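To start, the structure under review is shown below, and the notes come after it.
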Amino acid sequence: MNTKAQLRLLILAVLDRQPEHGYAIAQAIKARSGGVLSAKEGSLYPALHLLEKEGLVQSSEVDVKGRTRREYRLTEAGRGALAESRGEWQRQTQAVGAVLGGQ
């Protein structure tokens, strides 16, 4: 799984819990990974736009404390893609573990 595919998986996983705006998605990735992973603005927003174009996420404008933010939410197609990506990720991590001698 390449870096772009990993970012897509992480975004979908964050949105599986609840709708979020871009900055909150980046913060969730960082927090859940214990600071190991990050989603830079230059790659996060293009990935979100592509996911939306593919019908895996939907966005809408919401008012938060007087500020308009674009909030993203997972679609049913996005939930299916997430399940598929999780399976692929598990297969790959098992394969890498086998090569490294951990399994």
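Bear in mind these aren't lab numbers, they're just calculated from the coordinates by the rules spelled out. Every value quoted in this text rests on a predicted model; they were computed, and no experiment measured them. No Cβ is skipped: glycine too gets one built from the backbone with ideal geometry, and neighbour counts run over all protein chains shown.
Selection of region 70-99 for residues being farther than 18 Å from LEU56 by Cα and of a type in the set (D, E, K, R) yields only ARG91.
Kindly evaluate VAL62 against the criterion of being of a type in the set (Val, Ile, Thr), in contact with a helix residue (DSSP H, G or I) (Cβ under 9 Å, 6 or more places away or on another chain) and outside any loop (DSSP other than H, G, I, E, B). Outline the logic, then answer.
Working: of a type in the set (Val, Ile, Thr): yes; in contact with a helix residue (DSSP H, G or I) (Cβ under 9 Å, 6 or more places away or on another chain): no; outside any loop (DSSP other than H, G, I, E, B): yes.
Spelling it out, it is not the case that VAL62 is of a type in the set (Val, Ile, Thr), in contact with a helix residue (DSSP H, G or I) (Cβ under 9 Å, 6 or more places away or on another chain) and outside any loop (DSSP other than H, G, I, E, B).
Of all residue pairs spaced 6 or more apart or on separate chains, those with beta-carbon atoms under 7 Å, a first member in region 22-51 that is free of Cβ contacts under 8 Å to residues at least 12 places away in the same chain and of a type outside the set (Val, Ile, Thr) and a second member that is surrounded by 12 or more Cβ atoms within 10 Å (Cβ to Cβ) and not in a helix (DSSP H, G or I) are LYS30/LEU37; LYS30/SER38.
Within region 76-103, work out how many residues are in a helix (DSSP H, G or I) and without any contact (Cβ under 8 Å) to a residue 40 or more places away in the chain.
Of region 76-103, the ones in a helix (DSSP H, G or I) are 76-100.
So of that shortlist, the ones also without any contact (Cβ under 8 Å) to a residue 40 or more places away in the chain come out as 76-77, 80, 83-84, 87, 90-91, 93-100.
The number of residues fulfilling the criteria is 16.
Do you know which of the residues in region 1-18 that are of a type outside the set (Val, Ile, Thr) and under 11 Å from LEU44 (Cβ atoms) is surrounded by the most Cβ atoms within 10 Å (Cβ to Cβ)? Of everything passing the filter in region 1-18, ARG8 is surrounded by the most Cβ atoms within 10 Å (Cβ to Cβ).
For ARG73, the conditions (1) part of a strand (DSSP E or B); (2) under 21 Å from THR93 (Cβ atoms) are fulfilled apart from (2).
Of all residues in region 62-103, those that are farther than 23 Å from LYS4 by Cα, surrounded by 12 or more Cβ atoms within 10 Å (Cβ to Cβ) and out of contact with any Lys or Arg (no Cβ under 7 Å at 6 or more places or on another chain) total 1.
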